[in-house]
Each structure stands twice: as structure tokens, then as C-alpha cells.
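Below: one structure, written as C-alpha cells.
The values are calculated or read from the model by the stated rules, or taken from the named source; none is laboratory data. It should be emphasised that the depicted structure is a prediction, and the values quoted were computed from it without experimental measurement. So basically every Cβ, Gly included, is an ideal-geometry build from the backbone, and we count neighbours across all protein chains shown. Quick note on the areas: whole protein, heavy atoms, side chains included, nothing else; ligands and nucleic acids left out. Shrake-Rupley method; radii C 1.70, N 1.55, O 1.52, S 1.80 Å.
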Amino acid sequence: MRSDSIKKTPKRASHRSLLYSLGIDKEEMNKPFIGVVNSFNEIVPGHIHLRTIADAVKSGIRMAGGVPFEFPAIAVCDGIAMNHEGMKYSLVSRDWIADSCEIMLQAHQFDAVVFIPSCDKVVPGMLMAAARMDIPCAFVSGGAMLPGKFNGRNVGLSDLFEAVGKNAGGKMSDKELESMEQSVCMTCGSCSGMYTANTMNCLTEALGIALPGNGTIPAVFADRVRLAKQTGMLAVKLFEDNVTARKIINRRSIINAFKMDMALGGSTNSILHLLAISNEAQSPVSLKEVSEISDSTPQLCKLNPAGPYYIYDLDQAGGITSVLAELVKGRHIDAGAATIDG
């Protein structure tokens, strides 16, 4: 075990003493130490509920015979950060997240790790860290918001952007705008359409590094908590089987992720992130290859803001598993690429 470097031999007496101060007992010293990276905070809607997800992950780890240790990661809400100086800090947070995960995983020699992201830069930042560190790992996000309701129809955040324009042009009253702004984001979770956060969470499934449902199960569903528990159990098995990150995140799965991106009509930001992830995985993909993938892969979904459907609707239609099945039918996807659940 990697963690033996902080647990074994008489020379590590001081290390063990510090671990015992946490309440660890001798039996736990012989079990794998599993990191749980929780990007919870109280300002980002996609992260406000992540304590519940982290608790479920830790329960799963304990059920499977591991010892969980939770530590934090920062998270920026792009929606709150936009249109002012704060937006300058969003993209750079991705690299800070990757670096801080590396620091914690190396400093404490965890045997495996579960990453808990949700929003735009957090998912790719953690994926970069996973590929860079190449230790056993699994992802489980906080899940998507349910769509809001306004004037009898489903709405998402992009509808509110348009409403701001209508209000400025005198086509919507201040009272109507106020009513709408209180109706669009009705639950916690990453914004309800196929924006960057949900695109990247869906692509974790295509990469094979998250269990089916991770990209689409809504944040407020009990299924999301069960998925977190299953992910915690799986992380211990990945350690036992020595399935490290790059055995999953490699050229085959990255190409699959690009194809899934095209099929979903995902956020254009995902290209920036997938290229960075491919570099960390030592499997670089070129923009020319991305263009060829775009030309040859059919778009199968039109989700908000491109269409009238939401992540919830995709989940009800079978989620990413169903999209993958359609891509397999057309021989667009490498069905033999490895996944964490086999």
C-alpha cells in the first residue's frame, strides 16, 4: 500500500502517533487509506449539498473495508462570478484545484481517492489531478438541478439571461423578471441544462471514471446518494485490483469522451478541458483530431440551452448509457475501452 510509507516500520512511529490522534485504531492501520476530495462550500448551488454526498461516499468506503479521510477543494460558481472582475478567477481555479489535489494526495500517500466535484472548473481540475497522479480513483458529482417552472413551462438559466435582455428592451417588466429569477433555480445542483458543469459530469461516464448515472441523476434524488455509496465501495475495490487512473483515462477513453461531447452537443468549454486532461494522461489529442471527430460524430441530443430538454429529461430517457448505446450502434464509440465498473 502507498500508505505504508506513513504507517509501517519503527521509523514511522511519529507518523502513527499523529494518525492515532485522529482516533484511528490499530485495526484501521492495516486497511487502505482512501482520500475523499469534497468541493463543498456554501456559495455554489452545485456544491451546497456535497456534505451529504461525501458522507455517503465515506459510508461506502467503510462498508468495503477502507478508511476514508475527507479533505476540501475550492469551487467557483461561473454564474455568480460572471460579468465582473470575478470571472478572471474562474478558469485559473481549475489548475489550482488540480495542484491542490496533487499536494494532498502526495503529502499523505493515500492508496486511492474519490473525487466529489460538480461545477464547471472543478470536474476538469479533478480529472487533471486524477490523470496526473495515476492512483486508483473514482468520481461522483453532486448531480444536476431540476429545471425551473415559469408561466407553465420548464426553464433554465439561459432563459433568464434572455429575460434580462427583454427587460432591458422594455419587453418584460421588472416584476415579471423578479418572479422569473425566483423560479429558474429551484433546487441545488449544477445548472439544469447541458452547460459546462453537466457536460463534464456526463463526460466522466464516457471516460469510464464514474459509474453510470453520474452525469444525469438529479442532485435531489435518493439515487444520487446511493450512487455515492456505491462509488465509495468501488474505490476500495479499485485499490485491491490495482486499477489506476490511467488504466481508465487514456487515449481510447478520451476519444470516446470527445465523441460523446459531440453527440450531446456539449459545452464548447469541454474541448479546452479535455485537451488539458489528455495532456495530464500522457495521451495528447490534437485540435485536428477533434475537428475530425466533430465531422464524423452525429449530434443525438439537443438539450437546454440548444433545445427544450434538460438533464432530467436525458436521465429519464436512460442517461449517458442510452447515448453510448446509440453511438455503439453506429460504430462511433470504442465499446472495448476500460471503465471502473468493468
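A few points about this structure:
- Ordering of 157-165, 206-214, 172-180, 105-113 by packing [mean C-beta count within 10 Å, highest first]: 206-214, 105-113, 157-165, 172-180
- Calculated SAXS-style log₁₀ I(q)/I(0) at q = 0.11, 0.14, 0.23 Å⁻¹ - segment 86-197, Debye, Cα scatterers: -0.51, -0.70, -1.17
- Relative frequency of Cα-Cα separations exceeding 16 Å in segment 131-181, percent: 55
- Entry comment: accessible area of the chain is 44 Å² per residue, from protein heavy atoms only and a probe of 1.4 Å.
- Spatially, segment 257-306 and segment 95-114 are offset by 26 Å when compared through their Cα centroids.
- Average projection, convex hull of the Cα set of segment 253-315: 4.5 square nanometres.
- FRET efficiency for the pair residue 289 and residue 247, taken as 1/(1 + (r/R0)^6) with r the Cβ-Cβ distance and R0 = 30 Å, rounds to 0.85.
- Cross-link pairs beyond the 26 Å C-alpha cut-off, checked among 237/329; 166/259; 26/247; 7/237; 121/171: 237/329; 166/259; 26/247; 121/171
- Taking the Kirkwood radius as Rh and the Cα radius of gyration as Rg, segment 300-342 has a ratio of Rg/Rh equal to 1.05.
- Expressed in units of 2.2 N^0.38 Å, where N is the residue count, the Cα radius of gyration of the chain is 1.02.
- With N counted as the residues of segment 169-239, its alpha-carbon radius of gyration over 2.2 N^0.38 Å works out to 1.56.
- Estimated FRET transfer efficiency when R0 is 25 angstrom, pair residue 296-residue 317 (beta carbons, to 0.05): 0.60
- Calculated FRET efficiency for the pair residue 176/residue 63, C-beta based, R₀ 35 Å, to 0.05: 0.10
- The label point for residue 162 and the one for residue 71, both projected 7 Å from the Cα toward the Cβ, are 4.5 nm apart.
- Protection-proxy order for peptides 322-334, 45-57, each taking the mean of Cβ atoms within 10 Å per residue, highest first: 45-57, 322-334
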